Amino acid sequence: MNSNEQKLAVVIGAGPAGLTGAYELQRLGDEFKPVVLEASNLVGGIARTESHNGFRFDIGGHRFFTKIKEVEKVWYDICGDEFITVPRQSRIYYQGKFYDYPLKIFNALSNLGIYESVRVMASFARWKLFPNKEEKTFEQWVTNRFGARLFHHFFRSYTEKVWGVPCAEITADWAAQRIKDLSLMKVVWNAISGANDSSSLIEEFQYPRLGPGQMWEKMTDRVQENGGEVRMHSYVKRVIREKMRVTGVEVEEKNPKTGKTRSYIQEGDTFLNSMNLRKLVRSMDPPPPQHVIDAANLLKYRDFMIITLVLDHADPFPDNWIYVHGQEVRVGRIQNFRAWSQDMMADKSKASIGMEYFLNDDEEMWAMDDDVLIKMAAKELETIGLAPAKSVIDGAIIRQPKAYPVYDSVYMEALDTVRDWLQKLENFETAGRNGLHRYNNQDHSMLSAMYAARNIMGADYDIWDVNVERSYHEEFQTKPYEGRCAASVA
């Protein structure tokens, strides 16, 4: 124990999972002092908020909507009055036309035309009568629920743009998580009736007025006010273990003013990880068995780049975001940050637009000069018809490696192997999107970290059971923690 008779809980990463784990440990009592180690200069991970010349922007849009009451309670405990209610408005750009999303029946029929609309419904009926007998791939899963024609129009182009591989090489697990309870009949019924009972189609959501990073900045303050530490520029280089017990981590700390680095060993009594599993396994000293290393090396990731553009006029379009299915441009999604919160704008007479690109870090585009990228994004904005390229007066680039865990044909078996070995560690938990190799939303990343913290306190939650699909159903309930700190969880 340290001088305050507290045990040390070393937390790797200050994203939603890492910070929530530290917060939850403190909420459960004062037995552990969390020490959070973050390699970058900002907290929040991929849910952080960056800024450029006073304009704040997300690394992808992050809505605050959940049916997990425990997570919702944490959000309001941290952000409280800083939340604003944002109406959702989004569209799909496809074949030179904009489709309202959620679907509006007359808009869709007008864009598709009567002939193609009939073909879509006929295709839906055909695949309902004669579905694929197995649903191993994304293509099979979606086709069984929407028909081949709609899959071709609205699922294949965007999904292949996001992942860079054919839909036949993406497993059905990703569809089950991300599309969840949506069906064609539900979409049509919602479009006709105005009902909206799918989590994929919520019409409004909560949002911190200064962006999602505000949540994690305030949570960092709370953790530190309660006696914890959040150390920035602290890269975890090595995870040191004795047999199946972790004893410490080697940290490479960079001084942001001088650029000099120092290395030290941070010992701890227990550890909570949120770094990606491939890197984690490679960081273990001594290394795990070779078959675990081989499995971790099979885990793949998709990288992400956002090119933010400042325009010389306001409100080029009203949407929060637009999904770009069209193949004539490289951009995959476009954010309008004023439509999320006006308080993210340094100058309300201007527009702040986020052009999002899904790619791999070994592609030519990843290494392009920033000025070239800004000009390319401006040209694409004009190609879609949203704003003239000459209206772009400023821009900034954020490159986010390993943003999305890939669900390919080999990931599940590889993940099972890594998970089985990690679960044998006596004092080590892993949580979050990259810590579980799950394409989770931030609320599920938070829930997994809450479970991890409770396990550290003596509970026995199955963190790997936290998944997107079941926790979005109304009947989903997290089981109460009945350990030593049950009263504080209620």
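Checking each residue in the range 36-54 for being surrounded by fewer than 22 Cβ atoms within 10 Å (Cβ to Cβ) and of a type outside the set (Gly, Ala, Ser) picks out 41, 42, 46, 50, 52, 53.
For residue 387, the criteria (1) touching a helix residue (DSSP H, G or I) at 6+ places or on another chain (Cβ under 9 Å); (2) within 24 Å of residue 461 (Cβ to Cβ) hold in every case but one, which is (2). Report yes if residue 436 is crowded, with 20+ Cβ neighbours inside 10 Å, touching a strand residue (DSSP E or B) at 6+ places or on another chain (Cβ under 9 Å), of a type in the set (A, V, I, L, M) and outside the structural domain of residue 309 (by TED's automatic domain parsing), otherwise no. Yes; evaluated as a whole, the condition is true for this residue. Can you name the residue in the range 140-164 that is basic (Lys, Arg) and without any contact (Cβ under 8 Å) to a residue 40 or more places away in the chain and is also farthest from residue 334 (Cα to Cα) among such residues? Among residues in the range 140-164 that are basic (Lys, Arg) and without any contact (Cβ under 8 Å) to a residue 40 or more places away in the chain, the one farthest from residue 334 (Cα to Cα) is 145.
Here residue 250 passes the criteria (1) assigned by TED's automatic domain parsing to the domain that holds residue 12; (2) closer than 29 Å to residue 51 by Cα; (3) in contact with a Lys or Arg (Cβ under 8 Å, 6 or more places away or on another chain) except the one numbered (2). Flag: residue 99 matches the condition of being modelled with pLDDT of 85 or more, among the hydroxyl-bearing types (Ser, Thr, Tyr) and under 16 Å from residue 325 (Cβ atoms). Can you pull out every residue in the range 445-465 that is touching a residue at least 40 places away in the same chain (Cβ under 8 Å) and either part of a helix (DSSP H, G or I) or closer than 19 Å to residue 402 by Cα (or both)? Selection gives 445, 446, 447, 448, 449, 450, 452, 453, 454, 456, 464. When we screen 15, 21 for residues that are assigned by TED's automatic domain parsing to the domain that holds residue 247, surrounded by 17 or more Cβ atoms within 10 Å (Cβ to Cβ) and out of contact with any strand residue (DSSP E or B) (no Cβ under 8 Å at 6 or more places or on another chain), the only hit is 15. Of the strands (runs of 3 or more DSSP E) lying entirely inside the range 257-370, the ones with 1 or more residues being among the polar types (S, T, N, Q) are found at 261-267, 270-273, 301-311, 333-336, 351-359.
The values are calculated or read from the model by the stated rules, or taken from the named source; none is laboratory data. Nothing here was measured: the structure is a model prediction, and the numbers come from that model. When we count neighbours, we look across all protein chains shown, and the Cβ atoms used for this are built from the backbone with ideal geometry, even at glycine.
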